[in-house]
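Below is one structure, written out as structure tokens, with a few remarks after it.
The values are calculated or read from the model by the stated rules, or taken from the named source; none is laboratory data. All figures in this text were calculated on a predicted structure; none of them were measured in a lab. Please note: Cβ atoms are built from the backbone with ideal geometry, for glycine as well, and neighbour counts cover all protein chains shown.
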Amino acid sequence: MNLINVIVANGNYLAGAALTNLVEQLPEFNLVAWVENQELLFDKLKLNQVDLLVIDFTSEGFECSSIQWAKRNFQKIEVLAITAMPQKEVILSSFKAGAHSYILNDCGKDEIIEALIKTAAGKDFLCGKVMHQLQIGECSNITPANEIGCEGISLTERELDIVKLIAEGNSNKQIADILCLSTHTINTHRKNMMSKLGVNNTAGLVMYAVKENLLGPNKFLFSSLN
């Protein structure tokens with residue numbers, strides 16, 4: 001079995017040491033290094049084949065451009081951001097720079113491990129609180145923050161297909177015809193996705209599709225929102 005090579009990039013000693021210790025406990029991962037500033041990060045990336053970058057780009061010694069540089073020079077690297085609770089603009093800037101997943105320092109061990117594994121496999125993973133922060137001001141009827149857990153949010157490939165088609169303005173029947181499924185199955189998937197994402201309207205699903213870059217330019221049809 002090929003091990004997943006990981007770099008932990010964190011300028012906070014306690015957080016960096018904890019993440020390093022956790023990665024070293026996981027048999028499928030190989031810790032390449034823990035670096036405490038972006039200069040060391042760049043050096044290690046140049047010298048090693050790295051599959052997964054786990055970074056707190058808000059900690060001292062790093063910035064969002066650290067992610068951008070890593071993705072520009074090593075396109076196959078997967079990026080998991082782990083920070084304290086940021087403003088929405090900070091989260092969005094990390095996605096724009098190339099981060100694939102985002103969780104918080106105060107997530108539990110199981111959520112962090114799941115985020116590591118899924119991000120390394122090329123799947124997006126969001127802490128529930130991060131998803132809530134993204135939804136503030138974008139959708140109505142958002143679940144109160146104190147009711148949001150830190151459980152990860154991860155849609156299946158089929159769910160991603162469906163949410164993309166929803167965001168493009170297709171009805172349940174149209175989606176069922178495209179995917180050769182029943183309208184009942186599509187409606188069940190829609191309800192499950194809304195439950196996972198903590199939204200109760202189509203606007204929330206569209207916002208997820210936009211954030212995840214599931215759509216091409218001008219693809220989504222806001223007239224279809226209900």
- Note on the structure: Residue pairs within 6 Å by beta carbon, gap of at least six or interchain, first lying in region 25-43 and touching a residue at least 40 places away in the same chain (Cβ under 8 Å), second of a type outside the set (A, V, I, L, M, F, W, C) and loosely packed, with under 15 Cβ neighbours inside 10 Å, listed first then second, are none
- Message: Can you tell me which condition G122 does not meet? The list is (1) surrounded by fewer than 18 Cβ atoms within 10 Å (Cβ to Cβ); (2) modelled with pLDDT of 90 or more; (3) outside any helix (DSSP H, G or I), and all the others hold.
- Response: (2)
- Query: Does region 97-113 hold any residues that are assigned to a helix (DSSP H, G or I) and touching a residue at least 24 places away in the same chain (Cβ under 8 Å), and which are they?
  - Reply: A97, K109, E111, I112, I113
- Task: Could you please let me know if I77 is in contact (Cβ under 8 Å) with a residue 40 or more places away in the chain and in contact with a helix residue (DSSP H, G or I) (Cβ under 9 Å, 6 or more places away or on another chain)?
- Result: no
- Task: Kindly check whether there is at least one residue in region 190-197 that is surrounded by 19 or more Cβ atoms within 10 Å (Cβ to Cβ), at pLDDT 85 or above and more than 20 Å from H132 (Cβ to Cβ).
- Result: no
- Considering only region 94-115, state which residues are basic (K, R) and at pLDDT below 90. K96
- Task: Of the conditions (1) assigned to a strand (DSSP E or B); (2) touching a residue at least 60 places away in the same chain (Cβ under 8 Å), L116 clears all except one; give me its number.
- Result: (1)
- Task: Within region 44-67, work out how many residues are farther than 22 Å from A115 by Cα and either outside the structural domain of K118 (by TED's automatic domain parsing) or touching a strand residue (DSSP E or B) at 6+ places or on another chain (Cβ under 8 Å) (or both).
- Result: 2
- Per the filter on region 144-178, residues of a type outside the set (D, E, K, R), loosely packed, with under 15 Cβ neighbours inside 10 Å and at pLDDT 85 or above are S171, I178
